[in-house]
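All of the numbers you see were taken from the coordinates with simple rules; none came from a lab. Predicted model, so just to flag it, every value in this text is computed and none were measured. No Cβ is skipped: glycine too gets one built from the backbone with ideal geometry, and neighbour counts run over all protein chains shown.
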Amino acid sequence: MHVLVTGGAGFIGTSFVRMILRDRPGWRVTNYDALTYSGNLENLSEIEGNERYSFVKGDVRDAQLLDEVLPGVDAVVHMAAESHVDRSIMDSGPFVDSNTRGTQVLLDAWRRAHGVDRRFVYVSTDEVYGTLPLEDKNALFTEETPLQTNSPYSASKAGGDLMVRAYHHTHGMDVVTTRCSNNFGPWQFPEKVIPLFVTNLLDGKKVPLYGDGRNVRDWLHVEDHCEAVLTVLEKGRSGEVYNVGGNNERSNLELTHSILSIMGHGDEMIEYVKDRPGHDLRYAIDASKIKRELGWEPTRSAWPGALEDTVSWYTENRSWWERVRSGAYQSYYETQYG
Ligand SMILES: NC(=O)c1ccc[n+]([C@@H]2O[C@H](COP(=O)([O-])OP(=O)(O)OC[C@H]3O[C@@H](n4cnc5c(N)ncnc54)[C@H](O)[C@@H]3O)[C@@H](O)[C@H]2O)c1
């Protein structure tokens, strides 16, 4: 089996590439990534030289390059995306271009290379469902929940998601889509809330908490997510959507208190900042379909252990995040949080 992973130099992609090489001994992986600000090959230094791994610097919007690369590939796992909601609020253009148009260009190239019979997995997000009310704790996103996107990021991901669906219905392509909740773990770009807060505290800075912190997210360890994607790649039913979640709902304030407590700080390190415009209130996932049909459920996401391990990783890998946080990221941080 030869899998091409788009976005394989990002947070989830690097974990997925490592997992394939570790857990599927006969498989080959091509990592196809444009190396935007969030792509980092340093995260894969341990597998450099592995003869089952190769890297192609390429953009999912580059049809010509895809036509050269895809013919020898058995399956595509499409993870490449502009992934940060706050950036999509500042400028949505790159999001529509990479996430919606890029997915269409990649689907067309995949169909040119192999017709419709080879598998294409699209890594979407639970954010395509919009938001749930805070008051109704029993409300969950199911695969039948209508797509009601609220941020330019989620709208651009839904564009790709619907394009994938359309290529199945129109052309009969073998596609499967996953919609996953918030991931955490090592090697996450420190613009996202957990590494942002942990690295701020390690630097003696306060943590910028949006609004009153009552927004709720479901948290899933990145390796659980990758295992779900691998399961869907191997066993998912063609044309289906599978929700992926951690059964691990926390308000942002609870998350902040957990991080502060693990790191030995108190509430004085919280700086309440102006809320994100259009901030979705609550994401919560019904992931019973993937468990029932494919036998997947999370095994690495339990709190507080998984969060403690993640905090330890950033504590022990200061040189990594100091490098990643320098340069262009610094000016983004200052624009965002002053
Ligand atoms: N992080 C989460 O919590 C989460 C949750 C659900 C779904 N997702 C989805 O998972 C995928 C990966 O997310 P992540 O957190 O690893 O993001 P990330 O920002 O860490 O990585 C994205 C990767 O995509 C690459 N990329 C961006 N645009 C590209 C383009 N046009 N062509 C080729 N490569 C390009 C970047 O260089 C980077 O390596 C995304 O599709 C995202 O929407 C993420």
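Scaled to the compact-protein estimate 2.2 N^0.38 Å, what is the alpha-carbon radius of gyration of the stretch 151-261, rounded to two decimal places?
1.30
Sum -39500 (n - 2.57) across every DSSP H segment of at least 4 residues in the chain, then divide by the residue count to get the 222 nm mean residue ellipticity, nearest 500.
On the way: 12 runs with 131 residues, N = 338.
The helix contribution divided over the chain gives -11500 deg cm²/dmol.
How many nm separate the modelled label positions at Arg112 and Ala302, each set 7 Å beyond the Cα in the direction of the Cβ?
Distance between the two pseudo-spin positions: 5.0 nm.
Strictly over 22 Å apart at the Cα level, which of Lys137/Lys205; Lys235/Lys289; Lys57/Lys192; Lys206/Lys274; Lys192/Lys291 would you flag in this model? Write out the running numbers ahead of the final one.
Numbers: Lys137/Lys205 34 Å; Lys235/Lys289 13 Å; Lys57/Lys192 24 Å; Lys206/Lys274 15 Å; Lys192/Lys291 28 Å.
As for pairs spanning more than 22 Å Cα to Cα, those are Lys137/Lys205; Lys57/Lys192; Lys192/Lys291.
Over the chain, with a Gaussian network built from C-alpha contacts below 10 Å, which listed residue (Thr30, Thr315, Thr178) shows the highest mean-square fluctuation?
Largest GNM mean-square fluctuation: Thr315.
For the pair Leu41 and Ala139, how long in nm is the line joining their label points, each one 7 Å along Cα→Cβ?
Taking the two extended label points, one gets 4.6 nm.
Of Arg18, Arg237, Arg323, which is the most mobile in a GNM of the chain whose springs link Cα atoms less than 10 angstrom apart?
The residue with the greatest mean-square fluctuation here is Arg323.
With only Lys, Arg, Asp and Glu charged, each at its Cβ (+1 for the first two, -1 for the last two), find how big the charge dipole of the stretch 152-229 is about the Cα centre; round to the nearest 20 debye. Don't jump to the answer; show the numbers that get you there.
On the way: 8 positive and 9 negative charges, 67 e Å.
It works out to roughly 320 debye.
What nm distance separates the two modelled labels at Tyr210 and Ser312, each placed 7 Å from Cα along Cα→Cβ?
If labels sit at Tyr210 and Ser312, their model points lie 3.1 nm apart.
Quick one: grab the alpha carbon gyration tensor of the chain, order the square roots of its eigenvalues as a ≥ b ≥ c, and give me rounded if a/c is under 1.5, else prolate or oblate depending on whether a/b is larger than b/c.
Since a/c reaches 1.5 and a/b is larger than b/c, the shape of the chain is classed as prolate.
Note the full-extension length gain between Leu202 and Asn247 as 0.36 nm times their separation in residues minus their Cα-Cα distance, in nm to one decimal.
Details: separation 45, 0.36 × 45 = 16.20 nm, distance 2.86 nm.
Here the answer is 13.3 nm.
Compute the separation of the alpha-carbon centres of the stretch 262-318 and the stretch 218-243 and state it in Å as a whole number.
18 Å
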